[in-house]
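Below is one structure, written out as structure tokens, with a few remarks after it.
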Amino acid sequence: MTLWNSFDTGAADGMTATVTKIKGANGDEVHAYVARPEGASRRGGVVLIHHMPGWDEIYREFTRRFAQHGYDAICPDLYCRAGHGKPDEVTAKVRADGGIPDQQVAEDLAAAMSWLKALPTSNGKVGLIGTCSGGRHAVMTASKTKGWAAVVDLWGGGVVMQPADLTPKRPVAPIDMTTDLSAPLLGLFGNDDKSPTPEQVDQHEAELKKNGKTYEFHRYDGAGHGFFYYDRPAYRAEQAVDGWAKVFTFFAKNLA
Amino acid sequence: MCTNIATRTAVNGSATTGAGWSPVSEATIGFDHATHLWREHAVRLDFVNASGGRVALELDLASGRALLDRLREVIAEAERSGVDA
């Protein structure tokens, strides 16, 4: 699938984007950025999981990109409980507090899925996608909760964890939840990444194979971690353009 | 990669920003994704106070090492001087 300029210039191509509030884990109010194509047609939904640097501008862009491509999209603020301010200020509080608990993340994301499925435009299919810590959260959440039609892990570090890496907030390595993975998985990785390393990606792939899971992994030479982020030095345009096309092809197949 | 490397400590100090000086009571020291420094990762020093004010620094690893070495030297010299216990 061609990512760029695949729309018809004569098409009604508007969208609405706003911040809403959903009921997340523990019934907590969680802010979420929502972007939706105009019109009443039935369509798939996408839940986006922001990366460790926070609920930031690039994730708002990513959310709108999915609406541009015909999906109802929602990106909950997983750091909402740390308060509000500029994204890096909120993230500083979360870092100081040792991150956010996996269970809370899974429940917040499942709540976002339910929110999408309740929309009058929903076709009942919702995908999950995250980068960096969000890639790990995608695999973890699609293993702990049901109802997803597709899941995308973009260079999620910490899917494979050593016993010393386990904490009360991250008590189980997502690779050890593979038997429960409930949706087809797309994974994109850079071969120069230090987390996940190519060996860890191999390990994850072997576990998926062993458990008969539906997955496709693509690995890019000349790229490391975070190669979609055009505002950071890790950006790799060629690999990013190909990667986005793979994401949209995967969702087109699984969310139609 | 997200390293999740972070630790924190109480501090008794002051920091200055464009808005002037204010007390700081806690520091988070970490090594993780850089926000502004043009590197993938940075040594991150975040000084905060109870009212939520924040002064943040991002340094590359070599700068972090150099700073640590000089800080150790200065503190050792300060302790030898006996000026302030």
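Assorted remarks:
- Amide H within-cut-off set for A:I100, under 5 Å, with H built and near neighbours excluded: none
- Per residue solvent-accessible surface (Å²) - chain A, probe of 1.4 Å: 41
- Among beta bridges identified by DSSP and lying wholly in the protein assembly as shown, the antiparallel ones come to about 60 percent.
- Taking 7 Å steps out from each Cα toward its Cβ at A:Q68 and B:D69 produces label points 4.7 nm apart.
- The portion of the accessible surface of chain A made up by carbon and sulfur, rounded to a whole percent, is 51 (1.4 Å probe; DNA, RNA and ligands excluded).
- Only Lys, Arg (+1) and Asp, Glu (-1) charged, at Cβ; the range A:113-256 dipole about Cα centre in debye: 620
- If the segment from A:D176 to A:K86 were pulled out straight at 0.36 nm per residue, it would be longer than the present Cα-Cα gap by 28.9 nm.
- Formal net charge of residues neighbouring A:D176 (Cβ-Cβ distance under 13 Å; K, R +1; D, E -1): 0
- Distant-in-sequence amide H partners of B:V11 (H built 1.01 Å from N, under 5 Å): B:E26, B:A27
- For the cross-link pairs A:K21/A:K209; A:K125/A:K209; A:K146/A:K169; A:K23/A:K209, the ones whose C-alpha atoms lie over 32 Å apart are A:K21/A:K209; A:K23/A:K209.
- Shown is the FRET efficiency for A:T9 and A:D202, computed with R0 = 41 Å from the Cβ-Cβ distance and rounded to the nearest 0.05: 0.40.
- Here chain A has an Rg and Dmax of 17.1, 56 Å, counting Cα atoms alone.
- For the range B:5-81, a crude dipole built from +1 on the beta carbon of Lys and Arg and -1 on the beta carbon of Asp and Glu, taken about the Cα centre, is about 60 debye to the nearest 20.
- Among the GluC sites (Glu not before Pro) within the range A:12-72, those in coil by DSSP and having at most 14 neighbouring Cβ atoms inside 10 Å are A:E38.
- The range A:190-256: chymotrypsin sites (Phe, Trp or Tyr not before Pro) in DSSP coil with no more than 14 other Cβ atoms inside 10 Å: A:Y230, A:Y235
- Database remark: amide H of A:G190 closer than 5 angstrom to the amide H of A:Y220 (H placed geometrically; neighbours at sequence offset of 5 or more, or on other chains; Pro and chain starts carry no H).
- Size of the B/A contact, given as accessible area buried on both chains, probe 1.4 Å, in Å²: 1600
- Relative to one another, the C-alpha centroids of the range A:51-128 and the range B:19-85 are positioned 31 Å apart.
- Descending principal axes extents, the range B:5-81, alpha-carbon based, whole Å: 40, 32, 24
- Leading residue at positive end of dipole, chain A (Cβ point charges), from A:T197, A:A35, A:G135: A:A35
- Within the listed set B:S22, B:S51, B:S14, the Gaussian network model of chain B (springs between alpha-carbon atoms below 10 Å) gives the highest mean-square fluctuation for B:S51.
- Residue mean of other protein chain beta carbons inside 10 Å, A:41-53: 1
- The HN-Hα couplings worked out from phi for the range A:156-162 by the Karplus form 6.51 cos²θ - 1.76 cosθ + 1.60 (θ = phi - 60°) are x, x, x, 5, 9, 10, 7 Hz, whole numbers, x standing for Gly and Pro.
- Annotation note: chymotrypsin sites (Phe, Trp or Tyr not before Pro) in the range A:1-92 located in DSSP loop regions with a Cβ neighbour count of at most 10 within 10 Å are A:W4.
- Furthest towards positive pole of dipole, B:A62, A:T63, B:W21, structure part the protein assembly as shown, Cβ charges: A:T63
- Whole-Hz ³J(HN,Hα) from phi, Karplus 6.51 cos²θ - 1.76 cosθ + 1.60, for the range A:5-10, glycine and proline x: 6, 9, 8, 8, 5, x
- Our coupling estimate for the range A:117-129, obtained by passing each phi through the Karplus curve with A = 6.51, B = -1.76, C = 1.60 and θ = phi - 60°, is 5, 7, 5, x, 8, 5, 8, x, 10, 10, x, 10, 9 Hz, Gly and Pro reported as x.
- Comparing mean-square fluctuations of A:S133, A:S195, A:S41 from a GNM of chain A with C-alpha springs under 10 Å, the top value falls on A:S41.
- Peptide B:43-53 has a mean of 2 when you count, residue by residue, the C-beta atoms of other protein chains within 10 Å of its C-beta.
- The range A:1-139, relative contact order in percent, only Cα pairs under 8 angstrom and at least six apart counted: 30
The values are calculated or read from the model by the stated rules, or taken from the named source; none is laboratory data. This is a predicted model, so every value here is computed, not measured. Reconstructed Cβ throughout: ideal geometry from the backbone, glycine too, with neighbour counts over all protein chains shown. These area figures cover heavy atoms from the full protein model, side chains too; ligands, DNA and RNA do not enter into them. Shrake-Rupley method; radii C 1.70, N 1.55, O 1.52, S 1.80 Å.
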